[in-house]
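In what follows, a structure is listed as structure tokens, so that the remarks can point back to it.
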Amino acid sequence: MSSSTVAGADTPTPSKTQSKRRRSHADLTSRFEAYNRLQGAAVAFGETLPIPEIVAVGGQSDGKSSLLEALLGFRFNVREVEMGTRRPLILQMVHDASALEPRCRFQEEDSEEYGSPVVLSSAIADIIKSRTEALLKKTKTAVSPKPIVMRAEYAHCPNLTIIDTPGFVLKAKKGEPDNTPDEILSMVKSLASPPHRILLFLQQSSVEWCSSLWLDSIREIDPTFRRTVIVVSKFDNRLKEFSDRWEVDRYLSASGYLGDNTHPFFVALPKDRGNVSNDEFRRQISQVDSEVLHHLQEGVKGGFDEEKFKSYIGFGRLRDYLESELQKKYKEAAPATLALLEQRCSELTSELARMDSKIQATSDVSHLRKSAMLHAASISNHVGALIDGAADPSPELWGKTTVEERSRSGIGVWPGVTADVNPPNATLRLYGGAAFERVMHEFRCAAYSIECPSVSREKVANILLAHAGRGGGRGITEAAAEIARAAAKSWLAPLLDTACDRLSFVLGSLFDLALERNCSHDSECGIKGDDMDGYVGFHAALRCAYNRFIGDLAKKCKQLVRHHLDSVTSPYSQVCYFNDFQPCSGPNALSYSKVLELSDTSSASRDVRRDQENIPPEKNAQETTPGKTGETRDVLRESHITIPETPSPDQPGDAAFGVVKKEPGICNDMGPRKRASRMGGNSKNSDNVRLQNGVILFGNGERSGSPYSDICVSAAQHFARIRGVLVERGVTSTLNSGFLTPCRDRLFVALGLDLFAVNDEKFMDMFVAPGAIDVLESERESLSKRQKILQSCLNEFKNVARAL
């Protein structure tokens, strides 16, 4: 093969070259149109898609609006609207050789549709102004990040999309809020921050780089200017300052302020704002470019470094660079955009299917009943698991310490208890059954912290003398017992109510934990939920039913423990006449010496029983009122006299109550034999009671053997017995069986009766509120529209990808 033949084969013919150029131009156009449609859909539906875009930023008087008009190829007085301080404008410029006059259309607010073409260019500014004012009035703000989208088709504009942002200002205009400059800066940063966007930063040539007001703000967004195109506007104002080549070259190189890899563009535009035709406007732009270049070449001694800087001087160079750069970004982003579109379309298809299922379910009552019952049963099972003991979800996040429980329940203190009550494990974050047991221990601590209150002499005299008048030898015993019973009713009843309220709060908190467990277990097992998330009315009804169930349990438990209190404080109860009561040692009455302390304590010498008032009596320990000394026990041992039915001057009248001698028999023997008191006696304290005209008189009561002090001591002992029997034998088992057992065994039944034992019409009220069907249909229509638009964009990008 000859060399001429080879050369002819390698050299493309003019027809082939033209065909290749047309095909390349068609590919660029289709790619640009695909991104424009995708951008419009993203704005309309609020989609966040990484679409390559150019964001114009700069000061309000730095020439951004003039640059936009130059790129469009026609003027529409955008500067006079001052929209730069109000709302972003997305300009979609489409090169259309058939459009000899500009065709501009605005995208409708909250829609992907475009309105009819705007015939007059001067009307464009009016539309921008009216839309801006309407939105700001609606939102009651000075600026808004919601953009206005304008599509411009013209034979003399490039394929380019630019977002014109509000211009930076130092001070708010008259009538604007003082924080308007900060709001503008914050909004521009949010628009320019996404890494897929190109920053077009404009700054006047009269501003030196070292004193630039906004360059630091751009550095915060793009520290290395990797995606920033810097434009020095109004360059013609600086030309007269250059006389030598080195001055021009130093200025064009930015003197090192922008880094070695950043080359700014230098642009000048026509200053004449008169009413000229579009053709004249474009001719003036070209003429200014030529004049600037000619001045640098001929008006400066030695010219300038054309090889290094010529490609960055003039509006035409900037326009070509922006168009090629955006097309390059479009091509690079096409694969990722295609993958993201496929993902979003798939997600929208799934959302649409769920919406269809939800709309269909509103007419399928049986399906809703089944789903709701399964959900309620799952919540009930999780509540039972939490009561029985669980560590999921994390106790560190969901548990509460004793202090937090008191604060959030609104029950900060135990009534009548002045001492600090700190149960075991008070600092640990507990919930469920563990928190319930801790409250039970706290209640016992609080109960054993209460002493029998002091009684006035008048009360003792009224009770004792009344018993003495009725005859019999047990006046002091009966008086002490009556005082103890009254004190127990007055002081222990509020404690019981508080215990029920605290336990109710602990169990009520389990609903949110059960919901969390239900969600986490379903996700861990890969189980698809019953799609009950959207039914707010049902979830509210379920929560209310659960709260009612716990509230009813608390009410019943209060009645039961009050009944126990009434029993042990009844005049017919034998509790006050026993001296041998020992705390029960069964499983429901765990002694404090056996409570596990799991808190992290800093001292090994910490004594759990350092506060004797918070500790219940141990087995085989003598039953005494907490805090009483051995002196009282000595007094009791000395008191063994028999009180006659009616005191007389011949007999001592102030027999002290003696310790009742324990009779043989079982612990719970309540027969008459136990009630018979055995009294001894002596005449040691006979001088404390005097008989005057047949009436008992009390002495000063300072000595331990007076009837007043003896009754107070005896009443304290009776109070301690009543308290011990109530706490150890009655309340603990009652609260466990009254709260925990129903939550384990009857919760789901109670919820089912409350929620599902109703007719279909009432049941559906939880799922379908008035007008809810219309709302669902509207949501479905909007979702379907979005899905169709994005599916159309996806098909278009598939064609674009094939051409790459």
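For residue 40, indicate whether it is modelled with pLDDT of 60 or more and outside any helix (DSSP H, G or I).
Judged against the criteria, residue 40 is not a match.
Residue 139 versus (1) closer than 19 Å to residue 225 by Cβ; (2) hydroxyl-bearing (Ser, Thr, Tyr); (3) free of Cβ contacts under 8 Å to residues at least 12 places away in the same chain: which is the lone unmet condition? Result: residue 139 passes all but (1).
A search for C-beta distances below 7 Å between a residue of region 260-288 that is touching a residue at least 12 places away in the same chain (Cβ under 8 Å) and any residue that is open to solvent by less than 40 Å² (accessible area, probe 1.4 Å) and of a type in the set (S, T, N, Q), counting only pairs 6+ apart in sequence or on different chains, returns 267/233; 269/66; 270/284; 272/284. Among the listed residues 105, 75, 86, which satisfies the condition of being out of contact with any Phe, Trp or Tyr (no Cβ under 9 Å at 6 or more places or on another chain) and of a type in the set (D, E, K, R)? Answer to the check: 86.
If you check 52, 88 for being within 44 Å of the chain's Cα centre (by Cα), open to solvent by less than 60 Å² (accessible area, probe 1.4 Å) and modelled with pLDDT of 85 or more, only one passes: 88. Return a yes/no flag: does region 373-386 have any residue that is closer than 30 Å to residue 781 by Cβ and assigned by the TED database to the domain that holds residue 716. Within region 373-386 (the criterion being closer than 30 Å to residue 781 by Cβ and assigned by the TED database to the domain that holds residue 716), the answer is yes, since at least one residue qualifies. Residues in region 257-272 that are open to solvent by less than 60 Å² (accessible area, probe 1.4 Å) and either at pLDDT below 90 or part of a loop (DSSP other than H, G, I, E, B) (or both): 258, 259, 262, 264, 267, 268, 269, 270.
If you check 591, 523, 570 for being of a type in the set (S, T, N, Q), modelled with pLDDT under 90 and not assigned by the TED database to the domain that holds residue 447, only one passes: 591. Annotation: residue 427 fulfils all but one of (1) part of a helix (DSSP H, G or I); (2) closer than 29 Å to residue 521 by Cα; (3) open to solvent by 60 Å² or more (accessible area, probe 1.4 Å); (4) in contact (Cβ under 8 Å) with a residue 24 or more places away in the chain; the unmet one is (1). Is it the case that residue 158 is modelled with pLDDT of 80 or more, within 22 Å of residue 277 (Cβ to Cβ) and assigned by the TED database to the domain that holds residue 56? Judged against the criteria, residue 158 is a match.
Hey, any hits in region 343-351 for a residue that's at pLDDT below 85, surrounded by 13 or more Cβ atoms within 10 Å (Cβ to Cβ) and over 26 Å from residue 195 (Cα atoms)? Yes, the conditions are met somewhere in region 343-351. Of the residues making up region 354-377, not one is among the small types (Gly, Ala, Ser), open to solvent by 30 Å² or more (accessible area, probe 1.4 Å) and at pLDDT 85 or above. In region 294-322, the residues that are open to solvent by 70 Å² or more (accessible area, probe 1.4 Å) form Cβ pairs under 9 Å with partners that are in a helix (DSSP H, G or I) and small (Gly, Ala, Ser), at six or more places apart or across chains, as follows: 317/311; 319/70; 321/311. Of the residues that make up region 212-223, is at least one more than 27 Å from residue 313 (Cα to Cα) and of a type in the set (S, T, N, Q)? No, because not a single residue in region 212-223 is more than 27 Å from residue 313 (Cα to Cα) and of a type in the set (S, T, N, Q). On the phi < 0 side of the Ramachandran plot and surrounded by fewer than 20 Cβ atoms within 10 Å (Cβ to Cβ): is that true of residue 217 in this structure? Yes. Put simply, of 726, 753 the only residue that is assigned to a helix (DSSP H, G or I) and crowded, with 21+ Cβ neighbours inside 10 Å is 726. Within region 378-400, the set of residues being open to solvent by less than 40 Å² (accessible area, probe 1.4 Å) and either among the charged types (D, E, K, R) or farther than 15 Å from residue 510 by Cα (or both) comprises just one member, 400. Screening residue 173 with (1) open to solvent by 20 Å² or more (accessible area, probe 1.4 Å); (2) closer than 28 Å to residue 75 by Cβ; (3) assigned to a helix (DSSP H, G or I) gives one miss only, at (3).
The values are calculated or read from the model by the stated rules, or taken from the named source; none is laboratory data. Because the structure is predicted, anything quoted here is derived from the model rather than measured. Neighbour counts are summed over all protein chains in view; Cβ atoms, including those assigned to glycine, are modelled from backbone coordinates with ideal geometry. The accessibility values were calculated without ligands, DNA or RNA, using every heavy atom of the protein model including side chains. Shrake-Rupley method; radii C 1.70, N 1.55, O 1.52, S 1.80 Å.
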